[in-house]
1. Using a 1.4 Å probe on the protein heavy atoms, what percent of the accessible area of the stretch 3-57 belongs to carbon and sulfur?
2. As an exercise, use a Förster radius of 30 Å and the Cβ-Cβ distance of HIS83 and LYS30 to find the FRET efficiency, rounded to the nearest 0.05.
3. In percent, how large is the relative contact order of the stretch 3-57, given Cα pairs closer than 8 Å and 6 or more residues apart?
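The values are calculated or read from the model by the stated rules, or taken from the named source; none is laboratory data. Treat the numbers as computed from the prediction; the structure is a model and nothing was measured. When we count neighbours, we look across all protein chains shown, and the Cβ atoms used for this are built from the backbone with ideal geometry, even at glycine. The accessibility values were calculated without ligands, DNA or RNA, using every heavy atom of the protein model including side chains. Shrake-Rupley method; radii C 1.70, N 1.55, O 1.52, S 1.80 Å.
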Amino acid sequence: MQPLVAAILVGVPLAWLVGFAAYAYVDAPKHGMDPRKWAVIAFVVPLFGFLAYVFERDEQGYDPETDPYAEGSEERTGGFAVHESRQGEKRLGPAGTEAEEDEDDEWDDPDGVDL
């Protein structure tokens, strides 16, 4: 194998791993995470380690107070969360047909669930 081809086959993936690790090392303290741990994970576990860092970093900023689908929020009533854009639509039954309207069901809950 020619030295240039070997340098490309080894050097390019190694440069990506070093880049992922450097990004994790620099960015982790901004999110209150251990920079050494995440740099090692991003370097040792190719691509998946970096993706794990990115997903874990995003979870650090989760605020259940702003999540309308979190347990106990006012928008989530009866155990079921319906997005505001879907409220008031007719329910679907089997095979995409419209579900039968139940006259005595004041809550409009899903089939098989009686709240």
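1. Ligands and nucleic acids excluded, carbon and sulfur give 80 percent.
2. Efficiency, rounded to the nearest 0.05: 0.40.
3. Numbers: 48 pairs, mean separation 16.5, N = 55.
It rounds to 30 percent for the stretch 3-57.
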